[in-house]
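What follows is a single structure, written as C-alpha cells, with notes after it.
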C-alpha cells in the first residue's frame with residue numbers, strides 16, 4: 001500500500017478544493033448582499049451581532065484561502081470554529097440527518113479539522129511560500 005502514500009498530496013488538494021468551494025459558495029451571498037441580515041440572524045441566536053460579520057468573512061475569505069492553499073491551517077481553523085458554532089446553535093437540535101440536520105456541516109468541519117493538522121500539502125501556495133510544510137515525505 002506504499003503506492004497510496006504518493007497520492008496524499010492529491011487527497012489534500014481534493015479536500016481543499018471541496019471545502020474551499022463550498023465555503024466560498026456559502027459565504028458569498030452573506031458578504032455580498034446579506035451581511036446585515038446574517039448579523040441579525042446570529043444575534044437572534046444569542047450571540048453578539050459582530051460575530052455574524054466574523055462568520056461571513058471566515059466562510060468567504062477563509063474559503064478562498066483554503067482554495068488557494070494559502071495560510072491554510074489558520075483559515076481551516078476559522079472555518080472549523082464557524083461550523084462548530086453553526087452545528088451547536090443552528091443544526092444540532094434538528095438531529096444528524098434530515099432537513100437542517102448537522103450531517104453536512106459536520107462533514108465540512110471534519111475536512112477543516114484535517115487541514116488544520118495536515119496543512120495544505122505540496123499542491124498549494126503555502127508550499128511555495130514555505131517549502132517543506134504540510135505532510136513530510138518519508
Checklist outcome for this item: By the mean-Cβ-within-10 Å protection proxy, highest first, 19-26, 50-57 rank as 19-26, 50-57
Checklist entry - Between the helical axis of 72-86 and the dominant principal axis of the chain, each derived from Cα atoms, what acute angle in degrees is found, rounded to the nearest 10? => result 30 degrees
Item to check | Choice from 96, 67, 125 showing the highest fluctuation, given a GNM over the chain with Cα pairs closer than 10 Å | outcome: 96
Checklist entry - How far is helix 35-44 tilted, in degrees, relative to the longest principal axis of the Cα atoms in the chain, given as a value from 0 to 90 rounded to the nearest 10? => result 70 degrees
Checklist outcome for this item: Computed, not fitted: 222 nm per-residue ellipticity of the chain from DSSP H runs ≥ 4 (each -39500 (n - 2.57)), nearest 500, equal to -21500 deg cm²/dmol
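In Å, the Kirkwood hydrodynamic radius of the chain over pairs of distinct alpha carbons?
Working: mean 1/r = 0.0644 Å⁻¹.
Here the Kirkwood hydrodynamic radius works out to 15.5 Å.
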Checklist outcome for this item: Taking Cα atoms only, helix 8-31 is inclined relative to the longest principal axis of the chain by an angle, in degrees rounded to 10, of 20 degrees
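Quick check on packing: order 97-104, 40-47, 84-91 by the mean number of other C-beta atoms within 10 Å, highest mean leading. Could you put the intermediate results ahead of the total?
Numbers: 97-104: 12.2, 40-47: 14.0, 84-91: 16.5.
Final packing ranking: 84-91, 40-47, 97-104.
Taken together, the values in this text are just the output of simple stated rules run on the coordinates, not laboratory data. Given the structure is predicted, the values throughout are model-derived calculations rather than measurements. Backbone-built Cβ (ideal geometry, glycine too); neighbour counts: all protein chains shown.
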